[in-house]
Ligand code: PLP
């Protein structure tokens, strides 16, 4: 047996294991204290009634000989692909139902798309980055370069500039972003599309948080940009739009106009899926179509709004205690700068040990996340309000005394 040496290069999943360990120690030391988790990456609202009723009806259909469904269309049932195309037209993006591939989650899609590209491809990743982009590139043995997100560029890295601009074959973009909550403008996406075209690269555009965009001035799809249909694929998911994290349904748009060396990526993806995938559950697809129906959208949008109100509560609380944040306006993640130039883990420790608040250290998403924390708005209102109450009353001058090293770096945060 010979192992894939690339999989051995993966680092251990240090971030979430380390968070869990520290929270366990906190619970052991403070058995009576309540833990307020702003670290969760999972939804907490139950499924919308329209969705669960559609799935229940589909499950009943399966009991009947006449309405039983076996293997379905590997690309996705036509009724769902059409509903997805109609969803795009609701924000004026023309996508054909034929360009849509339904599957069981954005995470698997992100990983599976690697099959389309040569092993020696160079990947350009934003930093901080959703860890799946990085880990799947490592597993595929690709060389990786980073585009740096900073406070100055609003954590929206742009393409390498000029003749010295680094080459890339595959570019991962995530907007609205996990972990920073930043959202690209149309002008910025235009630059990425232009760069991808000059590099003959493919953009893999992760729009898993598209439903959280609250402004028509911001793009909800890379396909709002002319030319993207020749250099991009887009992934979206029902997970965060409609609470499908436990149900599992997503889609990939692979335009028929996307070609390389005379080969259609659409056809290649179809070929790949026909070999390695056998279609998404019929019951789940009925639920997904219900989420896109007029009534379904009214219901799931209420949950998205609930999470976004949570994000507003978190941001306002942090601002009251003088903390700088970005994100959280069109994304369920608030990206908080650690006061006093504290590093991510030190600030994480202060919030946990003094207030029982769990966050995600930014450094776990890449070196550019050092000095930042990600706060998630996927909690119950009650818990978010309790956390906000504590966050808004924080005296960071006093708190920093608990972190003596960071005092050397005291700046004018407030
Ligand atoms: N893409 C991003 C940016 C995410 O944050 C997540 C989940 O957290 C996913 C993809 C995975 O979504 P799914 O549940 O559809 O696999």
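The values are calculated or read from the model by the stated rules, or taken from the named source; none is laboratory data. Quick caveat: nothing in here was measured; it's all calculated off a predicted structure. Cβ: placed from backbone, ideal geometry, glycine included. Neighbour counts: every protein chain shown.
Considering the range 148-163 alone, what residues qualify as being away from the ligand (no atom under 16 Å from the Cβ) and crowded, with 20+ Cβ neighbours inside 10 Å?
Matches in the range 148-163: 159 only.
Scan the range 25-59 for residues that are free of Cβ contacts under 8 Å to residues at least 60 places away in the same chain and assigned to a helix (DSSP H, G or I) and jot them down.
25, 27, 28, 29, 56
So which of 137, 90, 103, 64 is within 16 Å of the ligand (Cβ to nearest atom) and without any contact (Cβ under 8 Å) to a residue 40 or more places away in the chain? Give the steps one after another, and end with the answer.
On the way: 90 fails: within 16 Å of the ligand (Cβ to nearest atom); 103 fails: without any contact (Cβ under 8 Å) to a residue 40 or more places away in the chain; 64 fails: within 16 Å of the ligand (Cβ to nearest atom).
Going through 137, 90, 103, 64 in turn, the sole match is 137.
Please go through the range 60-92 and pick out each residue that is assigned to a loop (DSSP other than H, G, I, E, B), surrounded by 19 or more Cβ atoms within 10 Å (Cβ to Cβ) and in contact with a helix residue (DSSP H, G or I) (Cβ under 6 Å, 6 or more places away or on another chain).
77
Filtering the range 240-249 down to residues that are under 13 Å from residue 285 (Cα atoms) and surrounded by fewer than 24 Cβ atoms within 10 Å (Cβ to Cβ), which residue is farthest from the ligand (Cβ to nearest atom)? Even if it seems obvious, please write down each step before you answer.
If we filter the range 240-249 for residues that are under 13 Å from residue 285 (Cα atoms), which is where we start, we get 242, 244, 247-249.
Then keep just the ones that are surrounded by fewer than 24 Cβ atoms within 10 Å (Cβ to Cβ); that gives 244, 247-248.
On the way: 244: 7, 247: 9, 248: 7 Å.
Only one residue tops the list, namely 247.
So residue 111 passes all but one of these: (1) under 25 Å from the mean Cα position of the chain (by Cα); (2) at pLDDT 95 or above; (3) in the same structural domain as residue 168 (by TED's automatic domain parsing). Which condition number does it fail?
The one condition residue 111 does not meet is (2).
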